[in-house]
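The values are calculated or read from the model by the stated rules, or taken from the named source; none is laboratory data. These numbers were taken from a predicted model, which means no experiment stands behind them. Cβ placement follows ideal geometry from the backbone for every residue including glycine, while neighbour counts extend to all protein chains displayed.
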Amino acid sequence: MFETLILILDATLRVSTPLILAALAGLFAERSGIVDIGLEGKILGAAFAAAAAAAVFGSAWIGLLFAIIASVALALIHGFACITHRGDHIVSGVAINTIVAGLTVTLGLDWFSQGGQTPALTGDARFTSITFPFADALADVPVIGLIYSELLSGHNILVYLAFAIVPFAVWIIYKTRFGLRLRAVGENPHAVDTAGISVAFIRYRAMIICGILCGLAGAYLSTAHNAGFLKDMSAGKGYIALAALIFGKWRPVPVMFACLLFGFLDAVAVRMQGVQVPGIGEVPVQAIEVLPYVLTVLLLAGFIGKAVAPKAVGRPYVKERG
Amino acid sequence: MNNTTSPYAIELRDISKRFGAVQANKDICLQVPAGTVHGIIGENGAGKSTLMSIIYGFYEADTGDIEVGGELVNIRTSEDAIRFGIGMVHQHFMLVENFTVLENVVLGAEGGAMLKGGLDAARKELKRLEQEYNLDVDVDAVVEDLPVGLQQRVEILKALYRGAKILILDEPTGVLTPQEADHLFRILKSLKEQGVTVMIITHKLREIMASTDNVSVMRQGQMVAHRVTAETDKEELAELMVGKKVRLVVDKEEAQPTNVALSAKNLSWFDEQGVKRLKDVSLELKAGEIVGIAGVSGNGQSELLNALSGITPLSDGEIHFNGEVITAKNKKNASQMRDLKMAHVPEDRHKMGLVTGFEAYEAAILGYHNSEAYNGKILLDRKAMLDECNERMQKWDVRPADPFLKTANFSGGNQQKIVIAREVEQNPDVLLIGQPTRGVDIGAIENIHEEIVKLRDSGKAILLVSVELDEIMALSDRIIVMFDGAVVGEIDAKDADERTLGLMMANALNEEETAGGQA
């Protein structure tokens, strides 16, 4: 039983990683006042860029670099539409998702001729797991051994990075000048403008951070969690990340826990596949997979605390005529 | 602004600014002596705010020069303005509501990439500023928890923290009670004593007389006069503002109230969050009288109008009106109330009174669009609508008298006339009217006031809600004061003065008396 739990938690960490990265990406965007429904598209685009570059250059790190470039470029397109041209954030985001979904497969077919997939990645073209010192030696120690060697050890670097970014994000948002301005611009851009700070510049910087984090999430999917790009491999993670962002009330640590909860549900769903539960029979996987969305709706409906979005989110900033 | 010899803190020469077809400012010249309080007065739309926005770098002037402390400066952004020692307190506060006072003050002047140092330094500096200028504020309070008077102080502190030597206040008393306004004037005085130059933009004569050394009058984008405040009076300034003689009082006979037209008992209303916004309000309206509801905006007046007009259902209480008893169970919606002959001029004409994308003749029948008068067998009777609209435009002097003009393109006063005419011309028994002259210029105000009195004299009951005390006092026969969703007092209009009403509005009448009347 304990071992099963550890295995589920171990899987939780792996499935939560891209959610955490994407949700933090969304956090930076939304805290600055930009709604980013395009997280999904950025993750998918980054996943493709990472797998393609890793396949060509044989290096996961170069793949990661290309993932970030692709994702930041998409984020800047979104920024250009929403910040400079005051477009509708949802329309722009959905457009990005749609374009990327088609473009990745089309380019994949053209470049690699493998039905839209990238070649399977091996060796250095993938991020491989890092085994902690003495993990094997300690594996047999009761309780601690299992936690150390199974749960904590044996993940790839991006997993550890995702969890390290959480406190870093807290520090940025609450302890730095940039963070103060970021929070202010999502609440009341007029206050920021009249304080002599450029609203657009802060929002663009937030979008760049958003792009970098989505790049990490995408690269994780195709070069760490899997070994290559598959059509639509982001599979709604961008949307779940948005749900986690709301569930975590736009604050980094609660957002991380929301991602872990959703990841846990996902891991449980996988475990439950085909398992006969006494008295109930086989639990449909979809019933568990739908839970993140149900929980988020319940939260938004006011049943679990209250979720208050940054006040200016989604609204283009226009200087008032006096 | 080191050692300069100019006696002027700020000097404008020939400033002009055009927005498309609108000449917002034309050849504006202004000299503000250092260390004085200078008023800029003018009607809405006279170009005051545009001029201040130019000084604060929100807009760039098309032509003209600005000198600060005798030096020619080029102010292109708010950042430039701040650098030249200009601070601005906007009409709508530029505060981040869920930030603390301290965070709001340092925003944009953090003094380094890390917050800690800046916050600590600001805390110290604010303590000094608070003492020097009598500006007590709890720096760790969250702004949204503070009353507006204190939020305004935060804005002033923000400017001072940035080293402002010239402080511009745009309509500073719009949201304040008279007591808070008096306190503000005392703050301005101590600012002046410390050598700060203050510029106040307002359309309220009272404030100009109460707080300024000099006053400049703007009309239609131009500067029309400069006066030393001590050598002028309200009447002269009002005349300069409008360009013709105006009466500040409304001519009306003693009211002749007859039977009760509407009575409301213990009206209560809870909002979505379950907060009781309307607390057991009871009132009676008699035919032939105007009852004014005074109160600082946001104290339940809007909720009362909504409840009476049927826009929001009651949570509790009952309304007796034209033979009907309306309760939480026996609901009547706004359209049913209209059928009972209750007319409603909503407070916000853009959101509730008009569809701004509609043409005037369409807007003129909103809410009465099912009336037989405007309907043929199947379709709306366009000709009837147009005839009616033309007739009203003549009668109410709506300009331009073009029934095909989109309502958005009329001026505020003319939009309001369209709305009021629509409601009044249906010959209602009760008229609810909210902020009848908000954003309306003085000429049209007079006109609207006359019509309201005429309606009263024809035996209608009128409930007037307004944040303008002058308006309440000039029009009403009885005045009911609301505070925090409840009626806190009633007073005959003949016995009302600003001070008494102000204290009632702040619900401070009792406290005030025991404290010995220090306001």
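Among the residues making up the stretch A:57-75, those that are under 17 Å from the mean Cα position of the chain (by Cα) and surrounded by fewer than 19 Cβ atoms within 10 Å (Cβ to Cβ) are A:Leu65, A:Ile69, A:Ala73.
Would you mind stating whether B:Ile166 is closer than 29 Å to B:Arg18 by Cβ, assigned by TED's automatic domain parsing to the domain that holds B:Leu107 and among the β-branched types (Val, Ile, Thr)? Full working, then the answer.
Numbers: closer than 29 Å to B:Arg18 by Cβ: yes; assigned by TED's automatic domain parsing to the domain that holds B:Leu107: yes; among the β-branched types (Val, Ile, Thr): yes.
So B:Ile166 fits the description; yes.
So that you can scan it fast, the table gives a plain yes or no per residue for (1) more than 14 Å from every other protein chain (Cβ to nearest Cβ); (2) surrounded by 18 or more Cβ atoms within 10 Å (Cβ to Cβ); (3) of a type in the set (Gly, Ala, Ser):
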| residue | (1), (2), (3) |
| --- | --- |
| A:Phe127 | yes, yes, no |
| A:Ala135 | yes, no, yes |
| A:Ala139 | yes, no, yes |
| A:Ser153 | yes, yes, yes |
| A:Arg183 | no, yes, no |
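Against the conditions (1) of a type in the set (Ser, Thr, Tyr); (2) out of contact with any strand residue (DSSP E or B) (no Cβ under 9 Å at 6 or more places or on another chain); (3) within 14 Å of another protein chain (Cβ to nearest Cβ), B:Tyr133 satisfies every one except (3). Within the stretch B:94-119, the set of residues being on the phi < 0 side of the Ramachandran plot, at the interface with another protein chain (Cβ under 8 Å from one of its Cβ atoms), crowded, with 16+ Cβ neighbours inside 10 Å and of a type outside the set (Val, Ile, Thr) comprises B:Met94, B:Leu95, B:Glu97, B:Asn98, B:Phe99, B:Glu103, B:Asn104, B:Leu107, B:Ala109, B:Glu110, B:Leu115, B:Gly118. Only a single criterion out of (1) in a helix (DSSP H, G or I); (2) at pLDDT below 90 is not satisfied by B:Arg392, namely (2).
The residue that is surrounded by the fewest Cβ atoms within 10 Å (Cβ to Cβ), among those in the stretch A:192-223 that are closer than 13 Å to A:Lys319 by Cβ and aliphatic (A, V, I, L, M), is A:Ala200.
With respect to B:Ile479, is the statement that it is crowded, with 17+ Cβ neighbours inside 10 Å and assigned to a helix (DSSP H, G or I) true? Walk me through how you get there before you give the answer.
Details: crowded, with 17+ Cβ neighbours inside 10 Å: yes; assigned to a helix (DSSP H, G or I): no.
So B:Ile479 fails the test.
In the stretch A:76-91, of all residues being under 19 Å from the mean Cα position of the chain (by Cα) and touching a residue at least 40 places away in the same chain (Cβ under 8 Å), the one that is surrounded by the most Cβ atoms within 10 Å (Cβ to Cβ) corresponds to A:His78. For the stretch B:353-376, a residue qualifies if it is surrounded by 19 or more Cβ atoms within 10 Å (Cβ to Cβ) and among the hydrophobic types (A, V, I, L, M, F, W, C), and the qualifying residues are B:Leu354, B:Ala360, B:Ala363, B:Ala364, B:Ile365. Quick check on the stretch B:289-297. Is at least one of its residues closer than 20 Å to B:Ile462 by Cα and more than 27 Å from the chain's Cα centre (by Cα)? No, the stretch B:289-297 has no match at all.
Taking the listed residues B:Thr177, B:Thr202, the one that is more than 23 Å from B:Gly47 (Cα to Cα) and surrounded by 19 or more Cβ atoms within 10 Å (Cβ to Cβ) is B:Thr177, with no other qualifying.
Within the stretch A:187-214, can you find the residues that are within 9 Å of chain B (Cβ to nearest Cβ) and part of a helix (DSSP H, G or I)?
Within the stretch A:187-214, the subset within 9 Å of chain B (Cβ to nearest Cβ) is A:187-188, A:190-198.
A:Glu187, A:His190, A:Ala191, A:Val192, A:Asp193, A:Thr194, listed by residue number.
Identify all residues within the stretch A:215-236 that are assigned to a helix (DSSP H, G or I) and farther than 10 Å from A:Ala47 by Cβ; write none if there are none. Give the derivation first.
As a first pass, look at the stretch A:215-236 and keep what is assigned to a helix (DSSP H, G or I): A:215-225.
Listed by number, the residues that qualify are A:Leu216, A:Ala224.
Residue-by-condition table, conditions (1) under 15 Å from B:Ile293 (Cα atoms); (2) part of a strand (DSSP E or B):
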position	(1), (2)
B:Leu432	yes, yes
B:Ala444	no, no
B:Arg456	no, no
B:Ile472	yes, no
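Sort out which residues of the stretch B:53-85 are under 25 Å from the mean Cα position of the chain (by Cα) and more than 7 Å from every other protein chain (Cβ to nearest Cβ), and write them in order of number.
If we filter the stretch B:53-85 for residues that are under 25 Å from the mean Cα position of the chain (by Cα), which is where we start, we get B:53-59.
B:Ile54, B:Ile55, B:Tyr56, B:Gly57, B:Tyr59 - these are the residues of the stretch B:53-85 that are under 25 Å from the mean Cα position of the chain (by Cα) and more than 7 Å from every other protein chain (Cβ to nearest Cβ).
What are the residues in the stretch B:148-199 that are farther than 20 Å from B:His92 by Cα and within 14 Å of chain A (Cβ to nearest Cβ), if any? Result: B:Gly163, single match. Screening B:Ala210 against (1) touching a helix residue (DSSP H, G or I) at 6+ places or on another chain (Cβ under 6 Å); (2) surrounded by fewer than 19 Cβ atoms within 10 Å (Cβ to Cβ); (3) at pLDDT 90 or above; (4) closer than 27 Å to B:Ala238 by Cβ leaves a single unmet condition, (3).
A count restricted to the stretch A:155-181 and to residues that are touching a strand residue (DSSP E or B) at 6+ places or on another chain (Cβ under 7 Å), assigned to a helix (DSSP H, G or I) and more than 10 Å from chain B (Cβ to nearest Cβ) stands at 1.
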